[in-house]
Amino acid sequence: MSFLENAKQYTGAELDTIFFRPFLTGPSAQELGVRVLYNMPVPTTVQIWDGQADILQKHTGKGWTGGTASHKYQKTIALNRVKAELGFSAADYFSLVYEKIASRADVNMDDLTGTELEEAETALFRQSVAESIRATMWVGNTDSTKGYNTFDGFLKTLTECLIAETFYTLPYQQSSLNELSAVIEIFDALWKNADSRVRDAKAEGQLAFFVTSDLYFLYEKYLDSKGADTAYVDEVNGRQSLAYHGIPVVDVRLNNYLADTSFHKSFCLLTDRRNLVLAVNTADFPGNEVRMWYNPDEMENRQRALFMAGCDILDEDLLAYAYRA
């Protein structure tokens, strides 16, 4: 066997359960670090209720003193039609799929069924689509002529909001990062100057510092420098995750993607995770599908996914942002 020639097409319920749901719900969605709205009704609208702060009143025995109704705000997440396509030479494609199967201990390599091949093919393509969605969620720019331009990402919205100056910003120079403690100063400045509603959200466990890899590495080195046994153990064994004063520090892993953009190459964003929203829809539009097939003329295996996606920042006031000027 040297080729995979069976065509596969996922639509409707299969498109949801087999392909998209595994990485857009549950633990996989949590790894994205943001709020994920999957297959919400279109237009995808987030409702935000602003309840009255002081609703306790003296009981007089009768009458209504509830005052005016609570204000409701809403924000619609714009969804764009997107397409993902990959092509591999038949021999290379078979090697990729075969390697993915060979890494499993529960597979009899002398009796590969079509189901096992299909699962490996699907997992291979799903991984590529998931990473592309994650990258576009941050660096997407519809004004760009190439690369990650299917929908606007968080950094595009954030850059536009910088002009309005509705939230705290802290520019820094590369030279200031020569000291390990510089990253702590950035964290402290964002925390102290953020909107009080941001600080209050810490109790709910939803705050996060979203940082580029240089700041993440700098914070790791800062922790390594501490003269404690636990610091030595962590330096040897590594750390699964980082936090500062109980607030998770999330590496956005965008080094390769930021290189060809006009966005800040080094930054730290403090906000409520629920304030950053990614929306993906595979159900409400005709033609949404995932298809994998073999093209005998080109001797090439091809993969295509059609779906809707978009993202937005719900409330720009609930941001605190530091960036390398």
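Which of the GluC sites (Glu not before Pro) found in segment 135-231 are in a DSSP loop and have at most 13 neighbouring Cβ atoms, other than their own, within 10 Å?
Answer in residue order: Glu165, Glu179.
Rounded, prolate or oblate: which fits segment 128-287, taking a ≥ b ≥ c as square roots of the Cα gyration tensor eigenvalues, rounded meaning a/c under 1.5, else prolate when a/b beats b/c? Don't skip to the answer; put the middle values down first.
Details: a/c = 1.67, a/b = 1.56, b/c = 1.07.
Prolate shape, in that a/c is at least 1.5 and a/b is the bigger ratio.
How far, in nm, would the chain grow between Ala13 and Asp143 when pulled straight, counting 0.36 nm per residue and subtracting the alpha carbon separation?
Working: separation 130, 0.36 × 130 = 46.80 nm, distance 3.37 nm.
Taking Ala13 through Asp143 to full extension adds about 43.4 nm, to one decimal.
Name the shape class, rounded, prolate or oblate, that the alpha-carbon gyration tensor gives for segment 127-169, where a ≥ b ≥ c are the square roots of its eigenvalues, rounded holds for a/c under 1.5, and otherwise prolate holds if a/b is larger than b/c and oblate otherwise. Write down the numbers at each step before the final one.
Numbers: a/c = 4.53, a/b = 1.95, b/c = 2.32.
Here segment 127-169 falls in the oblate category.
Shape of segment 151-204 from its Cα gyration tensor (a ≥ b ≥ c, root eigenvalues): rounded if a/c is under 1.5, otherwise prolate when a/b > b/c, or oblate?
The shape class here is oblate.
About the Cα centre of segment 202-325, what is the dipole size in debye to 20, counting +1 per Lys and Arg Cβ and -1 per Asp and Glu Cβ, all else neutral?
Values: 12 positive and 19 negative charges, 33 e Å.
Magnitude of the dipole: close to 160 debye.
In whole angstrom, note down how far apart the Cα centers of segment 143-204 and segment 207-228 are.
Rounded to whole Å, the Cα centres lie 16 Å apart.
None of the figures in this text is laboratory data; all of them are computed from the coordinates on show. Source: prediction; values computed, not measured. All Cβ positions, even for glycine, are placed from backbone atoms using ideal geometry, and neighbour counts span all protein chains on display.
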